[in-house]
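Okay, structure first, notes after.
Where a number appears in this text, it was derived from the coordinates with a stated rule and is not lab data. Model, not experiment: these values are computed from the prediction. Cβ coordinates were reconstructed from backbone atoms using ideal geometry, including for glycine residues, and neighbour counts include every protein chain displayed.
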Amino acid sequence: MERSTAAAADDTPDSENSAEFRVSATGAVAEPKRTPPKKRTTVTFYITDAMRNRARAAYRQTSFGERDTSWSEMLNKALLAEVERREAEYNNGQVFVGNDKPLTPGRPIGF
């Protein structure tokens, strides 16, 4: 029996950022089935120098073993993992519906 750990179906907004991996009952991992990238965009956010350096070091040391084709791919994988965690935690594992509406700038009140 095979189990898919892919993101959402192809008709979801973020499916272009995901790769499909299949795991068999014996635990053997098949090669990832990559979907061709669709429309891409630039995202800007702030992190500390220490966090950037730590992430870059992790990328340099593991990109071959993880089969990352680029720094952007590793960051996409990390972002997708957090999005999927939140969907599982707060939306019963269902994909949140997104749009192009700008996010509110600044910190939320109460943090």
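In this structure, the amide hydrogen of Thr35, modeled 1.01 Å from its nitrogen in the peptide plane, lies closer than 5 angstrom to those of Glu20, counting only residues at least 5 positions away or on a different chain.
Peptide packing for 51-63, 76-88, 92-104 was compared via the average number of neighbouring C-beta atoms within 10 Å per residue; ordered from the highest value, the list is 76-88, 51-63, 92-104.
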